[in-house]
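Worksheet for the structure shown next.
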Amino acid sequence: MSEEIISLIVYVSLLIVILVTFGILFFLAYQKRKTQLLIEKEEQKRYFEEELSKAQNEIQEQTLKNISWELHDNVGQLLSVAKMQLNMLQADLSEDHQKRLKEASDVLGKGLTEMRQLSRTLNTDYVSNLGLQDSLEAEVNRFKRMNFLRIEYDHQGEAVSINEKDEIIIFRIFQECFSNCIKYSKATLLNIQIQFREKELFVSATDNGVGFDLDKESKGSGLMNMRKRAELIGAKLSITSQKDQGVSVTLTYPYK
């Protein structure tokens, strides 16, 4: 009788162990599946956001390209005709008026040159053909000619060839950064650095302007747009600023 009881206890114990083991395995499988579904959901969300950012970026680039064509082909032609007409009027005026007209014509000519340079930098094809370093230098020189502030530019290392689309995005980030500096910072100095390091590209722009409250402005469309562009190419973008202590924008892009 005691052997039967012992056997029964053993069988019951084994059954309990099997049931507990099955329960644990079922729970682990359930948790694993649940985790997998969450991962897949996050991946789908990330993929959707990436595709949305790409689409927005492509639309923005096409819009800029259209503006570039309009500036070059339409506005540029009108200004060129206006300059020619001013030059033709010179012969019919007195010497004093001729001098003033020439000054106006020269100003118009400089404006035409700057507008054409701007139209080039808005064109994706121009940036792609020129490359990141030369495009940034061209933009720096354009801002230097405006004489709004002093610009110090420095580049280090041998230029490394990177993905064309990534180059355009990096250029657009800093083109917006330079433009914001001119419009809002009230700075007297803008320091720009580009470094082709062993494993990464480093670009920075730092001004000595009025700065801003980063907590209040962090959700602004301009800053969000810059951050989204950086995320799209796997780059790390850092923006630091304090009231009356300027703004610093740094981008680190690992070579792919």
The stretch 55-145: helices (runs of 4 or more DSSP H) wholly inside it with 3 or more residues that are over 26 Å from Asn163 (Cα atoms) and of a type in the set (Gly, Ala, Ser) are 76-89, 95-122
Anything in the stretch 146-170 that is over 18 Å from Tyr253 (Cα atoms), of a type in the set (A, V, I, L, M) and in a loop (DSSP other than H, G, I, E, B)? List them, or say none. Leu149
Long-range neighbours under 9 Å by Cβ, at least six apart or interchain, first residue within 19 Å of Ser204 (Cβ to Cβ) within the stretch 145-170, second acidic (Asp, Glu) and surrounded by fewer than 13 Cβ atoms within 10 Å (Cβ to Cβ): Gly157/Glu198; Ala159/Asp134
Scanning the stretch 141-163 residue by residue, those hydrophobic (A, V, I, L, M, F, W, C) and closer than 16 Å to Ser185 by Cβ turn out to be Phe143, Met146, Phe148, Leu149, Ile151
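Given the residues Thr21, Thr124, which is the only one that is closer than 29 Å to Arg145 by Cα and either charged (D, E, K, R) or at pLDDT 80 or above (or both)?
Thr124
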Which condition breaks for Ile173 when tested against (1) surrounded by fewer than 16 Cβ atoms within 10 Å (Cβ to Cβ); (2) at pLDDT 90 or above; (3) assigned to a helix (DSSP H, G or I); (4) not acidic (Asp, Glu)? (1)
Test result for Cys181, touching a residue at least 40 places away in the same chain (Cβ under 8 Å), in contact with a helix residue (DSSP H, G or I) (Cβ under 8 Å, 6 or more places away or on another chain) and surrounded by 18 or more Cβ atoms within 10 Å (Cβ to Cβ): no
Within the stretch 1-47, can you find the residues that are among the acidic types (Asp, Glu) and surrounded by 10 or more Cβ atoms within 10 Å (Cβ to Cβ)? Glu40, Glu42, Glu43
Residues located in the stretch 120-136, provided they are over 18 Å from Val203 (Cα atoms), in contact (Cβ under 8 Å) with a residue 40 or more places away in the chain and not hydroxyl-bearing (Ser, Thr, Tyr): Arg120, Leu122, Asn123, Asp125
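The values are calculated or read from the model by the stated rules, or taken from the named source; none is laboratory data. Since the structure is predicted, the reported quantities are computational estimates derived from the model, not experimental observations. With ideal geometry, Cβ positions are generated from the backbone for all residues, glycine too; neighbour counts draw on all protein chains shown.
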